[in-house]
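The values are calculated or read from the model by the stated rules, or taken from the named source; none is laboratory data. Nothing here was measured: the structure is a model prediction, and the numbers come from that model. Quick reminder, even Gly has a Cβ in these numbers, built from the backbone with ideal geometry, and neighbours come from all protein chains shown. Surface areas here come from the heavy atoms of the whole protein model, side chains and all, with no ligands, DNA or RNA. Shrake-Rupley method; radii C 1.70, N 1.55, O 1.52, S 1.80 Å.
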Amino acid sequence: MEEGQELNKWEGYVNWRNKPAMRDQHGGMLAASFVLVVEILENLAFLANASNLVLYLSKFMHYSPSSSANIVTNFMGTAFLLAVLGGFLSDAFFTTYRLYLTSAAIEFMGLLILTVQAHTPSLKPPICASASTEIQCEKVNRRKAAMLFTGLYLVALGVGGIKGSLPPHGAEQFDDTTPQGRKQRSSFFNYYVFSLSCGALIAVTFVVWIEDNKGWQWGFGVATAAILASIPVFLLGSPIYRTKIPAGSPITTMFKVLIAAVCNNCKSKNPSNAVMGMKTSPSSYTTETGEEGNATKVKVPSQTLTEDLEFLNKAVTEKTVSPMLQCTVKQVEEVKVVLKIIPVFMCTIMLNCCLAQLSTFSIQQAATMNTKIGSLKVPPASLPVFPVIFVMLIAPTYNHFVVPFARKVTKTEMGITHLQRIGTGLILSIIAMAVAAVVEMKRKKVAIESGLLNSAEPLPITFLWIALQYLFLGSADLFTLAGMMDFFFTEAPKSMRSLATSLSWVSLSMGYYFSSVLISTVNNITSIFRQTPWLSGSNLNHYHLERFYWLMCILSSLNFLHYLFWANRYKYRTESTAD
């Protein structure tokens with residue numbers, strides 16, 4: 001009886017009470033479904049404010065437009081960068097279960113502070129009634145500004161923890177030793193992006209309307225209620241969750257291997273400092289292609305180091321500089337895996353730089369065009385609805401039609417590999433930038449022909465033309481974000497899966513930062529050759545935005561060639577262990 005219970009245990013996993021997780025009781029699609037519902041509420045809470053925060057900071061806190069934009073950029077970038085911290089803590093010290101609950105509580109506290117400030121006139125600067133005078137509006141002062149930024153960065157800290165723990169928590173519910181489990185995990189990541197879009201749809205429509213028409217205290221209040229409601233929804237799944245036991249700091253292991261490799265390479269002239277794997281006889285150890293303790297594990301030589309990144313092989317020696325730098329073959333091979341996925345991560349930053357244009361220039365373009373659909377006038381700030389709806393339509397189609405068809409054609413388990421998915425997203429981003437450039441040329445042609453080049457009047461061209469680039473970039477986001485998460489989670493060593501999955505959010509953050517750097521660089525260079533830079537001034541009709549989009553298209557194409565180089569060289573971990 002006891003032997004049967006041992007076989008039924010998930011090795012390396014516990015339930016919410018910190019007792020061994022059982023195969024017939026914990027994990028599966030039902031457990032992951034709670035995570036998807038929670039993500040709808042969490043992303044609603046986050047984007048409800050982020051999508052409209054510039055208006056709140058400029059109109060009610062009296063920051064300048066440029067200062068407001070910088071505050072929002074820093075807030076968004078920090079929130080996504082902190083996902084790395086969330087992923088690291090999930091792997092090293094806390095379970096993803098506990099980290100989510102802690103992070104949700106932190107985000108709730110931050111939103112509560114912002115709600116109280118928005119509701120209480122004494123905690124905000126006086127209402128500005130000097131629009132037609134030279135008297136400047138009183139900007140938020142130190143004490144009130146401290147309250148504002150405390151609330152904002154508590155939200156950023158909470159969001160980072162959630163983004164770093166929630167996706168891996170959902171992915172951990174599946175048995176990756178079976179084809180069915182791996183397929184379900186891939187579907188989970190598709191529907192995770194779908195859930196993100198569901199939350200975003202509610203945020204950029206219903207909540208933004210509340211903020212604009214009923215007051216920001218109500219908008220913040222809805223976001224606060226959403227994150228609070230996510231906690232009991234998450235707890236409802238507690239009896240069936242399985243959670244990976246933290247295995248200590250993966251970063252410590254990485255630094256140990258890297259330092260050992262450097263030190264031992266410096267001593268490589270000493271013949272006694274031979275690589276251990278060359279002296280010992282082959283034995284076998286269990287790889288991490290499957291769950292620990294599972295009968296389907298693959299056995300490969302434990303003392304055989306791969307030829308990839310041969311520099312790191314010197315980390316395994318009989319005589320080390322210090323006993324603290326003694327490394328095993330397994331540790332060296334795990335660090336190699338992480339280093340090999342980093343080039344793929346770097347190649348996705350350019351795509352996210354393209355995505356950043358949707359919340360900046362694309363909205364400004366739409367603001368100069370006819371935004372009426374019949375008798376309904378659509379505010380330009382609601383343009384994010386387009387990519388959100390596209391993703392919500394494409395995600396189920398991809399999961400239920402494209403993937404099954406691809407499996408039949410390719411006769412493979414996944415149908416479309418992770419790297420093929422990411423590559424498809426990169427190709428779509430190239431097309432999107434070309435479409436954006438053509439649409440901008442058409443928009444400017446209409447402005448010239450109608451004599452409205454220097455006018456603020458809406459141009460006689462529908463803003464739905466802008467929706468084309470949203471279609472392609474929304475599709476690119478679905479392919480790449482879901483593909484990245486699945487790729488990083490699957491390929492990373494088990495001890496650092498949460499940290500690796502968080503790289504998807506870091507790519508998004510770096511894309512936004514790179515966009516700002518690229519715009520500044522373009523303006524600095526073009527100002528040398530002409531009186532006004534490409535992207536400067538108050539009138540968008542005088543911008544050379546089409547040239548900037550063509551530049552983005554060229555850079556994205558070069559980035560794709562760079563990606564092909566690394567993707568073709570990459571060998572999936574499951575393949576290498578089979579070899």
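Here are some residues: PHE386, PHE390, PHE405, PHE401. Which one is open to solvent by 30 Å² or more (accessible area, probe 1.4 Å) and in contact with a Leu (Cβ under 6 Å, 6 or more places away or on another chain)? Give the derivation first.
Details: PHE386 fails: in contact with a Leu (Cβ under 6 Å, 6 or more places away or on another chain); PHE405 fails: in contact with a Leu (Cβ under 6 Å, 6 or more places away or on another chain); PHE401 fails: in contact with a Leu (Cβ under 6 Å, 6 or more places away or on another chain).
Only one candidate qualifies: PHE390.
Of the numbered criteria (1) open to solvent by 50 Å² or more (accessible area, probe 1.4 Å); (2) within 24 Å of the chain's Cα centre (by Cα); (3) at pLDDT 90 or above, the one PRO232 fails is (2).
When segment 360-383 is filtered for residues that are open to solvent by 10 Å² or more (accessible area, probe 1.4 Å), touching a Leu at 6+ places or on another chain (Cβ under 9 Å) and under 29 Å from SER504 (Cα atoms), the ones remaining, listed by number, are PHE361, ILE363, GLN364, ALA381. Residues that are crowded, with 19+ Cβ neighbours inside 10 Å, under 15 Å from MET484 (Cβ atoms) and in contact (Cβ under 8 Å) with a residue 60 or more places away in the chain do not occur anywhere in segment 317-337.
Only one entry of LEU85, LEU44 meets the criterion of being open to solvent by 50 Å² or more (accessible area, probe 1.4 Å), within 21 Å of PHE149 (Cα to Cα), part of a helix (DSSP H, G or I) and in the same structural domain as LYS163 (by the TED database), and that entry is LEU85.
Contact map, segment 184-207: residues that are open to solvent by 20 Å² or more (accessible area, probe 1.4 Å) paired with residues that are polar (S, T, N, Q) and outside any helix (DSSP H, G or I), Cβ distance under 9 Å, separation 6+ or inter-chain. Pairs shown: GLN184/GLN173.
Select from segment 408-429 the residues that are over 23 Å from the mean Cα position of the chain (by Cα) and free of Cβ contacts under 8 Å to residues at least 40 places away in the same chain and write down the one among them that is most open to solvent (accessible area, probe 1.4 Å).
Residue satisfying both the conditions and the ranking: LYS411.
Any idea which of MET414, MET433 is touching a Ser or Thr at 6+ places or on another chain (Cβ under 9 Å) and outside any helix (DSSP H, G or I)? Unique residue meeting the criteria: MET414.
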